[in-house]
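K.L.:
One structure coming up, written as structure tokens, with questions to follow.
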2 protein chains.
Amino acid sequence: MSIVFDWANLVSDRLAGRGIPAADVEGPLADRFRAAMEDVRAWRSEGRLGFLDLPDDDALPAEVRARVADWTADVDDVLIVGIGGSALGAVVLRDALGGVRWNASDIDRNRRPRVHVLDNPDPDTVRGLLRDLDPDRTAVNVVSKSGSTAETMALFLVVRAWLESEGVAGDVRRRLLFTTDPERGALRPMAEAEGIAALPIPPDVGGRFSVLSAVGLVPATLVGADPAELLRGAADMRDRSLGDDLARNPAGLFATLLHALDVDHGRAIHVLMPYADRLRSMALWFQQLWAESLGKDGRGPTPLPALGAVDQHAQVQLFMEGPHDKAVVFVSAPFDADVPVPFGSRDPAALAYLADRGLGELLDAERRATMEALRTRERPSASLELGGIDAYHLGALFMLLEVATVVGGALYGVDPLDQPGVEQGKIFTYGLMGRDGFDPPAFPPPDEHRRVGLGD
Amino acid sequence: MSIVFDWANLVSDRLAGRGIPAADVEGPLADRFRAAMEDVRAWRSEGRLGFLDLPDDDALPAEVRARVADWTADVDDVLIVGIGGSALGAVVLRDALGGVRWNASDIDRNRRPRVHVLDNPDPDTVRGLLRDLDPDRTAVNVVSKSGSTAETMALFLVVRAWLESEGVAGDVRRRLLFTTDPERGALRPMAEAEGIAALPIPPDVGGRFSVLSAVGLVPATLVGADPAELLRGAADMRDRSLGDDLARNPAGLFATLLHALDVDHGRAIHVLMPYADRLRSMALWFQQLWAESLGKDGRGPTPLPALGAVDQHAQVQLFMEGPHDKAVVFVSAPFDADVPVPFGSRDPAALAYLADRGLGELLDAERRATMEALRTRERPSASLELGGIDAYHLGALFMLLEVATVVGGALYGVDPLDQPGVEQGKIFTYGLMGRDGFDPPAFPPPDEHRRVGLGD
């Protein structure tokens, strides 16, 4: 059980003078961090950081297990309907703990139930997915704190009608599970009126900080992981990440060093680069957390997901030789088991170096090589080293990044818990959809001279 | 048949004075573009832009069709083994034309053969995938121009041994297809010695510009598309994109305006944001093309993939209220058919605005609303509007972005066709893998004080 943040390659003595001066970490940055922790404690005392208390809900794992067992007793497939913070964590847990790959689909692994996350109201996707599933053998988890998210509720209405399609037997309500606010929102009264099972998203937990609530515990359970382990890892990391001593605080170092790289050193692009397919979607979850929490008031870094070794053939050229505007955080973990590379006398001699090596050995060598290559070009990087890809370590990693994000909010001087910038788009959408009380936007007139192409 | 680049919302008169001054486009930017086209023509006359001629290979589509029919006659699954430019285009074509979704896996759609892209030497992925496939019913396409790419060749050796596993009948060679340089590299002699079918990647076509060669024509054919249509769309766009008149050249405008937004206006992050799940991986293909071609000599923009409407709940907060360092290019296309949202009297009145609307209508409203919301915050955006998601339009879009990329190279003053920054990492990897003639890197000693976390 270990999760280590190695930040040695962020420091100037490793980067020929670029990067963060070593003396800064003990002096000004430690002071900055302590001041930020004052804000964090204030937010906590105001009851705004409910996510910190999620690991203490000892009863929830058993409740989730029981609910899931009942709700999926007779199904082959589960659809999780949500978007943003209500979907990304489920994808991470499914991919990391269920062993589902990112770009190889259409395989029946004889694992029941299969978990599908429906997060986009794309009619082509929805039609294709529902055509392939059996409405008599599918359970649906609708995840929306407010019960008013347009995409989620539209998808819910479509999926419910499909569950109720002609010829389907059984009680549709038994195959629905809502994850929503325990008191407010449109889903809660529906659950009560119709007897639909519901699990809570605590009122003081925002969507993008909700993965350690039922939002994430349900998908973790669905793919066979122990939800209590998720919380145990999160609790251990929380207890390690709330202290004022920067040098001993992994979440504090993550936030303080990346913030300093941005505001003091012009490195506003923060790359998260796991070297494991199962952790690929973790970078997308982090992207939402970091971008939506910190990107406001004209400030905020840009999180950039990457994947090793794939991005060595895509983005690494830019990381190596482009502008000095990035810092890379590598994420690594041991593989379940390596796969040996067979090599024989008929094979090209130029590939003999692969003989008796493993794919995982190659991937690990590539990670270390890329990190060192970046260092020789004075490009800062850090590492998150996980002791395994399991519920415990994922829980710890989620918590580390969530704490880092609220510390980041304090450092950037923004409120990490709101997202005021998305309201205007929602209002315009309501207007275009003809919702009562909303006008469509007054678009500027089209400019045909600025439309160019084939058939223009 | 249409593909239109709408750049009106990049211009200052739409952005309260921010963005690109309208007068610049006719004056200095048109001059810049004309000078860049001189470089492009020089590169072409030096024989470096072979990708421009790929659409003229009238014989290739029929050859690919015949090869694919023969090679996949008795299989259920096809594995495409490649990385970077040898994989990303295949993923785009499979997802866009085969209707495969990004995050919903494990479904048997009764489509034969199923197409899997194996691009990462991750042992957990490989073990899981090979466990689920039948070595007697799988065909493999190995894609590597040089035949020396470590990841691809290691995966090839693993997959070949699996095809040859004990008990498997038939001739393994018949189920292999190499896509590689016609004259050089390690795969070509192996193909000739063992009688393995091979298709060419022309010597003057680099990996990231190869999607309109057999590299992309094979996966397009596998999912049932017409490879000739891919080339026809590309030819039409090429013929529209090589002229000196900036105002009439969609690729020229794409490159020149995004370059100006970076170097003149501090918008170095270029977001490509399709509003269609089927086009999601197009943003990853573009990311490789733009990053690896332009990111060098301390210069180069950072391409950032996004997906509508999902990223309205993840990245759009940052796009709306973060630093003025981004430009967004939306990508849209009509859906195959919309899915109506059923709404009844039992449903919450707050959702009544969804009644009689479609999911696609909602998604389209969200795209227009988000673009307009960005504009009201003085955030520049542009649109690529496709007349459909089919082989013709994908061919045209690939070509538009490829031409834009070489124009971008000329504008940034870098060579868009090389990738010198990835060599150091390869050399270090060889050293760590013990390849003859390569030493492992001299890592700095570990610094235990800079390693912090659980179990540190």
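K.L.:
Give me, ordered by chain and number, the residues 5 or more places off A:THR179 or on other chains with an amide H under 5 Å from its own placed amide H.
P.N.:
Amide H neighbours of A:THR179: A:VAL142, A:VAL143, A:SER144, A:LEU199.
K.L.:
With the Cα gyration tensor of region B:27-95 giving a ≥ b ≥ c as the square roots of its eigenvalues, does the rule (a/c under 1.5 for rounded; else a/b larger than b/c for prolate; else oblate) give rounded, prolate or oblate?
P.N.:
prolate
K.L.:
Compute the Cα gyration tensor for region A:217-275, then decide on rounded, prolate or oblate, letting a ≥ b ≥ c be the square roots of its eigenvalues: rounded whenever a/c is under 1.5, prolate when a/b is larger than b/c in the other cases, and oblate in all that remain.
P.N.:
oblate
K.L.:
Placing unit charges on C-beta atoms (Lys and Arg positive, Asp and Glu negative, everything else neutral), compute the dipole magnitude of the protein assembly as shown about its Cα centre in debye, rounded to 20.
P.N.:
Dipole about the Cα centre, nearest 20: 160 debye.
K.L.:
With a point put 7 Å past each Cα toward its Cβ, work out how far B:ASP204 is from B:GLU46 in nm, to one decimal.
P.N.:
A separation of 1.3 nm, rounded to one decimal place.
K.L.:
Would you kindly work out, in nm and rounded to one decimal, the distances from the label point of A:ALA66 to those of the same position in each other copy, ordered shortest first, with label points 7 Å along Cα-to-Cβ?
P.N.:
The answer, with the shortest distance listed first, is 6.8 nm.
K.L.:
Sticking with this one: Count the net charge of all other residues whose Cβ sits under 13 Å from the Cβ of B:GLY388, scoring Lys and Arg as +1 and Asp and Glu as -1.
P.N.:
Result for the local shell: -4.
K.L.:
Here's another thing I want to ask about it. Would you mind computing Rg(Cα) / (2.2 N^0.38 Å) for the protein assembly as shown, counting N as its residues?
P.N.:
Compactness ratio reported: 0.89.
K.L.:
If you take every residue apart from A:ALA355 with its C-beta less than 13 Å away from the C-beta of A:ALA355, what net charge results, scoring Lys and Arg +1 and Asp and Glu -1?
P.N.:
That works out to -1.
K.L.:
Only helical DSSP H runs with n ≥ 4 go in: add -39500 (n - 2.57) per run for the protein assembly as shown, normalise by residue count and round the 222 nm mean residue ellipticity to 500 deg cm²/dmol.
P.N.:
Roughly -13000 deg cm²/dmol at 222 nm, from the helical runs in the protein assembly as shown.
K.L.:
For a quick check: with amide H placed at 1.01 Å from N, whose amide H comes under 5 Å from A:LEU118's, ignoring anything fewer than 5 positions away on the same chain?
P.N.:
Close amide H contacts, sequence-distant or interchain: A:ILE80, A:VAL81, A:GLY82.
K.L.:
A:GLY434 label points, 7 Å along Cα→Cβ, one per copy: pairwise distances from this copy to the rest in nm, shortest first?
P.N.:
Here A:GLY434 shows inter-copy label distances of 7.1 nm.
K.L.:
Filter the DSSP H helices in chain B by two things, a Kyte-Doolittle mean of at least -0.5 and an axial alpha-carbon span of 30 angstrom or more, and list the hits by number.
P.N.:
Going by DSSP H runs, the hits are B:391-412.
K.L.:
Can you tell me how much longer the chain between B:HIS449 and B:ALA62 gets when fully stretched, taken as 0.36 nm per residue apart minus their C-alpha distance, in nm with one decimal?
P.N.:
Separation in residues times 0.36 nm, less the Cα-Cα distance, equals 133.1 nm.
K.L.:
Search the structure for amide H atoms under 5 Å from the amide H of B:VAL11, placed 1.01 Å from N in the peptide plane, and list their residues when 5 or more places away or on another chain.
P.N.:
Here the answer is B:ILE20, since their amide H atoms fall under 5 Å of that of B:VAL11.
K.L.:
Between copies, how far does the label point of A:ARG451 sit from its twins, in nm, shortest first, when each point is 7 Å from Cα along Cα→Cβ?
P.N.:
With the label placed 7 Å along Cα→Cβ, A:ARG451 yields 6.0 nm.
K.L.:
Of the lysine pairs in the protein assembly as shown, how many meet both conditions: Cα atoms under 17 Å apart, and a spacing of 8 or more in sequence or different chains?
P.N.:
Final tally of qualifying lysine pairs is 5.
K.L.:
Going by C-beta contacts inside 10 Å, put A:LEU130, A:LEU394 in order with the fewest on the left.
P.N.:
Listing A:LEU130, A:LEU394 from fewest to most nearby Cβ atoms yields A:LEU130, A:LEU394.
K.L.:
Okay, next question. What does the charge count around A:MET433 come to, taking other residues whose C-beta lies under 13 Å from its C-beta (Lys +1, Arg +1, Asp -1, Glu -1)?
P.N.:
Cβ neighbours under 13 Å give a net charge of -2.
K.L.:
Give me the percent relative contact order of chain B, please, defined on Cα pairs under 8 angstrom at least 6 residues apart.
P.N.:
Here the relative contact order equals 22 percent.
K.L.:
Taking the alpha-carbon centroid of each part, what is the distance from region A:1-67 to region A:115-181 in angstrom?
P.N.:
Answer, in whole Å: 37.
K.L.:
Sort out the exposed loop GluC sites (Glu not before Pro) in chain A (DSSP loop, at most 12 other Cβ within 10 Å) and tell me the longest stretch that has none.
P.N.:
Counting at most 12 other Cβ atoms within 10 Å as exposed, the longest clean stretch of chain A is A:184-456.
Quick note: the coordinates plus some simple rules give every number you see, no bench work behind them. The structure presented is a predicted model; accordingly, all values stated were derived computationally and were not measured. FYI the Cβ positions are ideal-geometry reconstructions off the backbone, even for glycines, and counts take in every protein chain you see.
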